[in-house]
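Take a look at the structure set out below.
The values are calculated or read from the model by the stated rules, or taken from the named source; none is laboratory data. Owing to the predicted nature of the structure, the values given are computational and were not obtained by experimental measurement. Every residue, glycine among them, receives a Cβ derived from its backbone with ideal geometry; neighbour counts consider all protein chains shown.
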Amino acid sequence: MARLSPLPADLVGRATVTFDALQSAGGTIYWIEGRPEGDVLRAWSSDEGRSDVLPQGFQVASYVHEYGGGAYVVGEPDVWFCNASDQRIYRYRPGSPPYPVTPVPERPGAHRYADLRRVPGDGRLVCVRERHEGSAVHNELVMLPGDGSAEPEVIAAGDDFYMSPALSPDGKQLAWVSWNAPLMPWDGSRLWLADLEGGERRLIAGGDDESVCQPQWDAKGILHFVSDRSGWWNLYARDSGRTIPVLTGKFELAAAPWEFGYRTYALSDDRIITIAQRGSEHLLLTRTGNGDIHHVELPYTSMKPYLATVGADVVVIASSPTRLPEVVKVTPGGAAQELASTGLTINGYAIAHPQRFSFTTRDGTEAHGLFYLPTTKVAEPPPLIVRVHPGPTANWPMRLDLHAQYLTGRGFAVADVDHRGSTGYGRVYRNGLRHRWGEADVADCVDAALYLISAGRADGHRVVIWGASAGGFTVLSALSSTNVFAGGIARSAVVDPEEWGRSAPKFQAHHPTLLTSRSPEPAFLSPLLLIHGDADPVTPLEAVRALAQQSARSRLVVIPGAGHTFRRPGDVTTILKAELEHLRAVLEADA
């Protein structure tokens, strides 16, 4: 049988389409389709198929917290959306041009909006507003008429951050989540309830040591929410002044809310359906009215934190180790219908299937990862690339990762490490990186490599560490503190946590205070490749250039016009080729 070809760099570069922000209304499914040229609102219905929703010239994106999310809401036939170019909310009705319903700020983009919600029974909107006034940034909840006939009215203020406004079915009560620095929402947050037309807010759940998120009301007017009070993000309800467990276990029913608009569960009269995460995998669970829990069998292992329903069917954004992300409609019996895909095919190319592995760290903690064997015949044991995810509160999902496949097709084994601080393993594991960033994550990556080397699955003399963003900081820390790695690659690296805190948006400016213990020394023990966009707003290019100049063992590749992530196909292709050149040079020199 003929040997399959490795994935070419240009195919990996073309995999830039993303799907996010699912909603449904009137039997139609909506989502945001991310493209290199901007984010487009798309729709699908059984009658019309797929279509663009908005006229040309309008793109949907919120820049609240810079990460955005919750940038549109559908009211059939109307759609309200945050326009990418000026950050104002627009109203669109098919047949008429979109028009703004929020006032013109003093400076373009000075007022930003997110988490748009409609008030049941009338034409008003409730949402998060972020006001930029000089160097000060203010976050609050506001309400405004959907036709723009009056300016937004502040209905909750005083906390540092707000998210997830949720209106009761009768439109009389509003629940929301807030939190204050130095905590991030996955560290500690609070769920509040108040009458929409005024009155004292009441604390429902949460605190400095409890993360709450995603409040939703069912049709009977009972408030549900996700809390990690048990050590895991599980589902609870507030009924008659009591908090009642609804769906609990050693699984996560939410994701760390880096963006607005996550929705990982849906409520109906006869069932609850939710996305549940266990480590690197996601499941679709249903809880029936009598309390029975069922696992919906699907050919997918990874789902984004967005879920919508159409009648008895559920819609998710799903992928697997052999399938790129798709928008999928699933029947109660598990039959799946693809509504949208990236359009790329991997038929004819060699694909490595990730294998879960766990290992014991030097201080006795059980840590986790995914391991890929090379698909090209090489000398045994193979060279190993240890990859560190960005975040740092993220994880490596069990899905088709074209960067990993590019490496395995060229003779490298790949280990994706979910070091302490990663999500999917409960609150204790997530908090394991507090004040230990640059130490615990480095130790876990080293111990993962040593575990695989001792098991005969990797060559101990040919190990390289790779990371992006926060994972790039781990790479810098590793190369300055250990000689296990023959080299390193850092994309868009965070170089100095203190400087990162000063330059980061308000949402993340205080994040380093709960994470870091020290900054890495610029004396690297093995060769380092730095890849950085010259328009990166997170770590300015000047800081990376200065770091490269301090170390004779580092090389910098600058990507013109690129920000913190690389979405243009040509940029991705250039980066892959630079990384491969570095790997071959380093590993041949150290062989």
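Across the stretch 493-535, what is the number of residues that are under 24 Å from Val586 (Cβ atoms) and charged (D, E, K, R)?
Summing the residues that are under 24 Å from Val586 (Cβ atoms) and charged (D, E, K, R) in the stretch 493-535 gives 1.
Quick one: which residue in Val64, Val119, Val154 is in contact with a Phe, Trp or Tyr (Cβ under 8 Å, 6 or more places away or on another chain) and of a type in the set (A, V, I, L, M)? Break it down stepwise before answering.
Details: Val119 fails: in contact with a Phe, Trp or Tyr (Cβ under 8 Å, 6 or more places away or on another chain); Val154 fails: in contact with a Phe, Trp or Tyr (Cβ under 8 Å, 6 or more places away or on another chain).
Only one candidate qualifies: Val64.
Would you check if Ala308 is under 20 Å from Ser46 (Cα atoms), of a type in the set (Gly, Ala, Ser) and crowded, with 18+ Cβ neighbours inside 10 Å? Steps first, please.
Numbers: under 20 Å from Ser46 (Cα atoms): yes; of a type in the set (Gly, Ala, Ser): yes; crowded, with 18+ Cβ neighbours inside 10 Å: yes.
Considered against the rule, which asks whether it is under 20 Å from Ser46 (Cα atoms), of a type in the set (Gly, Ala, Ser) and crowded, with 18+ Cβ neighbours inside 10 Å, Ala308 comes out as yes.
Could you pull out every one of the strands (runs of 3 or more DSSP E) wholly within the stretch 264-337 that has 3 or more residues that are among the charged types (D, E, K, R)?
323-330
Does Arg436 satisfy the condition of being basic (Lys, Arg) and crowded, with 24+ Cβ neighbours inside 10 Å? Lay out the reasoning, then the answer.
Working: basic (Lys, Arg): yes; crowded, with 24+ Cβ neighbours inside 10 Å: no.
So Arg436 fails the test.
Can you find a residue that is within 21 Å of Gly206 (Cα to Cα), surrounded by 23 or more Cβ atoms within 10 Å (Cβ to Cβ), modelled with pLDDT of 95 or more and among the β-branched types (Val, Ile, Thr) anywhere in the stretch 170-182?
yes
Can you list the strands (runs of 3 or more DSSP E) lying wholly within the stretch 202-247 that have 2 or more residues being under 23 Å from the mean Cα position of the chain (by Cα) and buried (at least 19 other Cβ atoms within 10 Å of the Cβ)?
212-217, 223-227, 234-239
Quick check on this structure: which one of Arg91, Arg129, Arg50 is basic (Lys, Arg), modelled with pLDDT of 95 or more and over 23 Å from Ala504 (Cα atoms)?
Working: Arg129 fails: over 23 Å from Ala504 (Cα atoms); Arg50 fails: modelled with pLDDT of 95 or more.
Arg91 is the lone residue from the list that is basic (Lys, Arg), modelled with pLDDT of 95 or more and over 23 Å from Ala504 (Cα atoms).
Yes or no: Val484 among the β-branched types (Val, Ile, Thr), in contact with a helix residue (DSSP H, G or I) (Cβ under 8 Å, 6 or more places away or on another chain) and surrounded by fewer than 23 Cβ atoms within 10 Å (Cβ to Cβ)? Steps first, please.
Numbers: among the β-branched types (Val, Ile, Thr): yes; in contact with a helix residue (DSSP H, G or I) (Cβ under 8 Å, 6 or more places away or on another chain): yes; surrounded by fewer than 23 Cβ atoms within 10 Å (Cβ to Cβ): yes.
The answer is yes for Val484.
Only one of these is surrounded by 14 or more Cβ atoms within 10 Å (Cβ to Cβ) and over 22 Å from Tyr262 (Cα atoms): Leu196, Leu167, Leu191, Leu141. Name it. Show your work before the answer.
On the way: Leu167 fails: over 22 Å from Tyr262 (Cα atoms); Leu191 fails: over 22 Å from Tyr262 (Cα atoms); Leu141 fails: over 22 Å from Tyr262 (Cα atoms).
After ruling out the rest, the residue left standing is Leu196.
Does at least one position in the stretch 449-467 carry a residue that is in contact with a Ser or Thr (Cβ under 6 Å, 6 or more places away or on another chain), closer than 30 Å to Val558 by Cβ and modelled with pLDDT of 95 or more?
The answer is yes, given that some residue of the stretch 449-467 is in contact with a Ser or Thr (Cβ under 6 Å, 6 or more places away or on another chain), closer than 30 Å to Val558 by Cβ and modelled with pLDDT of 95 or more.
Hey, could you check the stretch 12-33 for residues that are surrounded by fewer than 19 Cβ atoms within 10 Å (Cβ to Cβ) and not hydroxyl-bearing (Ser, Thr, Tyr) and say which is nearest to the chain's Cα centre (by Cα)?
Only one residue tops the list, namely Val17.
For a quick check of your reading of the model, give me the residue pairs whose first member lies in the stretch 514-525 and is modelled with pLDDT of 80 or more, whose second is surrounded by fewer than 18 Cβ atoms within 10 Å (Cβ to Cβ) and of a type in the set (Phe, Trp, Tyr), with beta-carbon atoms closer than 9 Å and at least 6 apart or on different chains.
From the stretch 514-525, no pairs qualify.
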